[in-house]
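Here's the structure we're looking at; comments come further down.
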Amino acid sequence: MKIEICGISFDYGSTRALHNITMKVKEGSVVSVVGPNGSGKTTLLRCIDRILKPKRGTIMVDGREISELGSKELSKLIAYVPRTYPNVFPFRVLDVLMLGRKPYIGWKPSTRDIDVMWDILKRMKLEALALRYFDELSDGEKQKVMIARALVQEPKILLLDEPTGNLDIRHQLEVLAFIRSTLKHEKLVVLMAMHDLNLASRFSDEMIMLNNGKILAIGKPEEVLTQKNLKNCYGVKVKVLWEDEKPQVIPLRPL
């Protein structure tokens, strides 16, 4: 399984949000999309999930254009967890997760549907929340439940928009470590929009740095997180240190 994006552009009215984006993401990779606010990170994920339709260019999944896929087939291939979501679930956590099985369920959930749901609950340490109502959870608990719901879909491609945005530091590490271990086990493609450059560096195989809707840099974390790139992209002076063979960014001051 792989994603190939060739020359996509997207406009919000007269504003160009993405400009001629070309990239490939291969199976078994975690790729973080980074960049300042308004750089096009979320728009890129929404185009891949077909929420938005690019003005031009193509998005291919294993050699097939996503425009050719039916809705059910697309849901079995791609799961998307947005940065924010309507708080409209008058359901228990178990019911929310079961919604992730919708592409597979016939008249009623099968034994396999239930087994998949409980397996993800246990692996993400969410059993204690199973019978609680979603709208009564903390923001961090909701975030973990929505990631679990996406994984219950058994997707081949997982799109995450700020997956650690509502989590404390311990749960940030736990969730990203879990996603990475699941990726390796299930041979997924994981593409996640991230603001935290250091977490992105630690848990990513590759990074894509966007600025004003264009790719400024693409490659391994050490190739992307350079002083020059960070200066040009964010307009800040930084120090780049190394920890566990990964670059870590210390912001110093705006330029």
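The values are calculated or read from the model by the stated rules, or taken from the named source; none is laboratory data. Bear in mind the structure is a predicted one, so any value in this text is a computation, not a measurement. Glycine also receives a Cβ, built like all others from the backbone with ideal geometry; neighbour counts cover every protein chain displayed.
Please specify each residue of the stretch 118-144 satisfying the condition of being touching a residue at least 24 places away in the same chain (Cβ under 8 Å), part of a helix (DSSP H, G or I) and surrounded by 16 or more Cβ atoms within 10 Å (Cβ to Cβ).
Scanning the stretch 118-144 gives ILE120, LEU121, LEU129, PHE134, GLY140, LYS142, GLN143, LYS144.
I'd like the full set of residues that are part of a loop (DSSP other than H, G, I, E, B), over 22 Å from GLY28 (Cα atoms) and either without any contact (Cβ under 8 Å) to a residue 24 or more places away in the chain or in contact with an Asp or Glu (Cβ under 8 Å, 6 or more places away or on another chain) (or both), limited to the stretch 196-234.
Residue satisfying the conditions is THR226 alone.
Does the stretch 175-195 hold any residues that are at pLDDT below 90, assigned to a helix (DSSP H, G or I) and over 14 Å from ALA150 (Cβ atoms), and which are they?
Result: ARG180, SER181, LYS184, HIS185.
Out of curiosity, is ARG112 under 24 Å from LYS76 (Cα atoms) and charged (D, E, K, R)?
Yes: the conditions hold for ARG112.
What number of residues within the stretch 1-17 are over 19 Å from the mean Cα position of the chain (by Cα) and of a type in the set (Lys, Arg)?
The number of residues fulfilling the criteria is 1.
Go through the stretch 83-93 and give me each residue that's at pLDDT 80 or above, over 20 Å from the mean Cα position of the chain (by Cα) and surrounded by fewer than 19 Cβ atoms within 10 Å (Cβ to Cβ).
PHE91, ARG92
Which condition from (1) surrounded by 16 or more Cβ atoms within 10 Å (Cβ to Cβ); (2) among the basic types (Lys, Arg); (3) part of a strand (DSSP E or B) is the one that ARG101 breaks?
(3)
Checking the structure you have, find out if any residue of the stretch 146-156 is in contact with a helix residue (DSSP H, G or I) (Cβ under 7 Å, 6 or more places away or on another chain), at pLDDT 90 or above, β-branched (Val, Ile, Thr) and part of a helix (DSSP H, G or I).
First pass over the stretch 146-156, keeping only residues in contact with a helix residue (DSSP H, G or I) (Cβ under 7 Å, 6 or more places away or on another chain): 147-149, 151-156.
Still in the list and also at pLDDT 90 or above: 147-149, 151-156.
Then keep just the ones that are β-branched (Val, Ile, Thr); that gives 147, 152.
The next check asks that each one be part of a helix (DSSP H, G or I); those that pass are 147, 152.
Within the stretch 146-156, one or more residues are in contact with a helix residue (DSSP H, G or I) (Cβ under 7 Å, 6 or more places away or on another chain), at pLDDT 90 or above, β-branched (Val, Ile, Thr) and part of a helix (DSSP H, G or I).
Hey, can you tell me all the residues within the stretch 44-82 that are among the polar types (S, T, N, Q), over 19 Å from the mean Cα position of the chain (by Cα) and assigned to a helix (DSSP H, G or I)?
Scanning the stretch 44-82 gives SER67, SER71.
Can you name the residue in the stretch 158-185 that is touching a Phe, Trp or Tyr at 6+ places or on another chain (Cβ under 9 Å) and under 18 Å from ARG46 (Cα atoms) and is also surrounded by the fewest Cβ atoms within 10 Å (Cβ to Cβ) among such residues?
ASP161
Residues to consider are LYS231, LYS220, LYS239; find the one that is at pLDDT 95 or above, out of contact with any Leu (no Cβ under 8 Å at 6 or more places or on another chain) and surrounded by fewer than 16 Cβ atoms within 10 Å (Cβ to Cβ).
Numbers: LYS231 fails: out of contact with any Leu (no Cβ under 8 Å at 6 or more places or on another chain); LYS239 fails: out of contact with any Leu (no Cβ under 8 Å at 6 or more places or on another chain).
From the options LYS231, LYS220, LYS239, the qualifying one is LYS220.
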